[in-house]
Structures are given as C-alpha cells and as structure tokens.
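Following: one structure in structure tokens, then a few remarks.
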Amino acid sequence: LGNRTKFRFLPKIAASFPVTDNQMLYFNYGHSTILPHPSFIYGGLNPFYTDRSTFSRLGNPNLNPEVSIAYEIGLKSQITNNDVLNISAYWRDNYDFVTTTSLLVADNTGRELPRSIRINSDYAKVRGVEASYLKRVSDWFLGQLNVTYMVATGQSSSASEALKEILATGNREDTREYNLPWASPWEIKTNTTWMTPKGKNLFGVKGLNNMSLYLEGTFRTGRRYTPYVF
C-alpha cells in the first residue's frame, strides 16, 4: 500500500538425544531481536523542534533491531535417583548493535550543522560454559549449585559510548574488540530448600506442617576491564 515494511524470520530449534538410560544430549539454537529505543528512531525529526545543543541527536527511522543468534549444547546426567549433573557450553553472536555516528544536516536556514545519529554497526560475542549440580535428600532437602564462566567481547557496550570519541576526535574509526564492561567472568549461584517431612510437624508443634525454608546465595567476580596505556 505504498509503505515500506521490514520482516525478519526468527527460527528456534531444540533437540535432545538419549545417550544412555540416564544421560541425555541436548542442543538449542535460536534467533531473537531487541527493538531500539523510540528516541533513537523519532527524536529530532521535526526541524522546528530540533535540539539546539552543540551535538544534538537526530532520529533514524531506518534503524534495525539488534539481532542475537545463540547456540547451546549440553549433557544431562542422572547420577542417582537423587543426584543430577548438567554441563553445557553456549555462545551468542550479537549483530547490528546500535551505535552513534555523526553527519551534517541542514537546518531551517539551510546551514549545515553536526548531528549525532544512531546506526546499526557494532557487534559482540559471548562464550561461556556452565555446570549445575542438583541434590535431593529424601523429602526434606533440595539443593542446587550452579557455576558459570563467561567471556564477552565487542566494540562497544552501549549506544552512546561512541559519542565521547566523536566529540574528542570528530570521528570513530576504532574496530578493535574489547572486554565488555557488563561481562562478569565467574558467577556461582546456590539455593537450598528445607521442607518438613510429610505427616510431621516442625519442632513437634501442631499446625507447623507443610512448611519450607528457601535460602539463596550468589557470588560474582568483578567486571572485566581493558587496561589503558597513556
């Protein structure tokens, strides 16, 4: 009907294969998207209401969503009736990260002024391994330990990170990859659930039955950084 339309196919595939009676190999593959913020698309399009700052922002109606393609392969093992071990490896490629660039745009008087505009350019890679152990003791205890190691590298961690380089040098030509600041290499999570056995009362007090106590803890290492040499 005279309008331009964008379409993207987002496949998702999950498969599992029994290795033995107590082991299962599984594989996951999927695409997902993140829509850009509306201010990245519509901001400053009307020249009569444009920001008059030194480096005002201009919306980009042709901005695409950020795309994430993820893979995961893992092995689930039931060691005993009360013990389960799960080991998996995953990697995720992020494309069309929203970043910032500069361009000259004519104002109402025809004078060209510098503006910042959002474009799809940057990318990031996330790789990691994860192991979890689940333990059950009769009908009164259930606990889980999860350990994850992750490495995330890319060109920028946010859509506004390139602004400082443009303001300082007038452009942004750096294509090197860095450790992303939001990546935390090690993460250890644990949780336990303590339950009163069926048909029994807590501390022998009537009415204190069917009760449970849930405890959770998380340990996370500091964020990665890239040393800067003056």
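The values are calculated or read from the model by the stated rules, or taken from the named source; none is laboratory data. Predicted model only: the values in this text are computed from it and were never measured. Here the Cβ positions follow ideal geometry from the backbone for every residue, glycine too, while neighbour counts run over all protein chains shown. Side chains included, ligands, DNA and RNA excluded: accessible areas come from the protein's heavy atoms. Shrake-Rupley method; radii C 1.70, N 1.55, O 1.52, S 1.80 Å.
Here are some notes:
- Only a single item in (1) closer than 29 Å to A152 by Cβ; (2) open to solvent by 80 Å² or more (accessible area, probe 1.4 Å); (3) in a strand (DSSP E or B) is not met by F9, and it is number (3).
- Of the residues making up the range 1-42, those that are at pLDDT below 90, under 19 Å from V98 (Cβ atoms) and of a type in the set (S, T, Y) are S39, Y42.
Quick grid of which residues meet (1) surrounded by fewer than 14 Cβ atoms within 10 Å (Cβ to Cβ); (2) assigned to a strand (DSSP E or B); (3) modelled with pLDDT under 85; (4) touching a Phe, Trp or Tyr at 6+ places or on another chain (Cβ under 8 Å):
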site	(1), (2), (3), (4)
G44	no, no, yes, no
F55	no, no, yes, no
N62	yes, no, no, no
G74	no, yes, no, yes
S77	no, yes, no, no
V84	no, yes, no, yes
R92	no, yes, no, yes
T100	no, yes, yes, no
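- For the range 114-155, filtered to residues that are in a loop (DSSP other than H, G, I, E, B) and touching a strand residue (DSSP E or B) at 6+ places or on another chain (Cβ under 7 Å), the residue that is surrounded by the fewest Cβ atoms within 10 Å (Cβ to Cβ) is D139.
- If you filter the range 156-197 down to residues that are in a loop (DSSP other than H, G, I, E, B) and either of a type in the set (V, I, T) or at pLDDT 90 or above (or both), you find that the one that is farthest from L35 (Cα to Cα) is T196.
- Here R118 clears all of (1) in contact with a Leu (Cβ under 9 Å, 6 or more places away or on another chain); (2) at pLDDT 90 or above except the condition numbered (2).
- Test: residue in the range 119-136 that is in contact with a helix residue (DSSP H, G or I) (Cβ under 9 Å, 6 or more places away or on another chain) and not hydroxyl-bearing (S, T, Y): yes
- Selection of the range 14-35 for residues being loosely packed, with under 10 Cβ neighbours inside 10 Å and under 20 Å from the mean Cα position of the chain (by Cα) yields an empty set.
- Each residue in the range 90-117 was checked for being in contact with an Asp or Glu (Cβ under 7 Å, 6 or more places away or on another chain) and under 30 Å from N28 (Cα atoms), and 6 pass.
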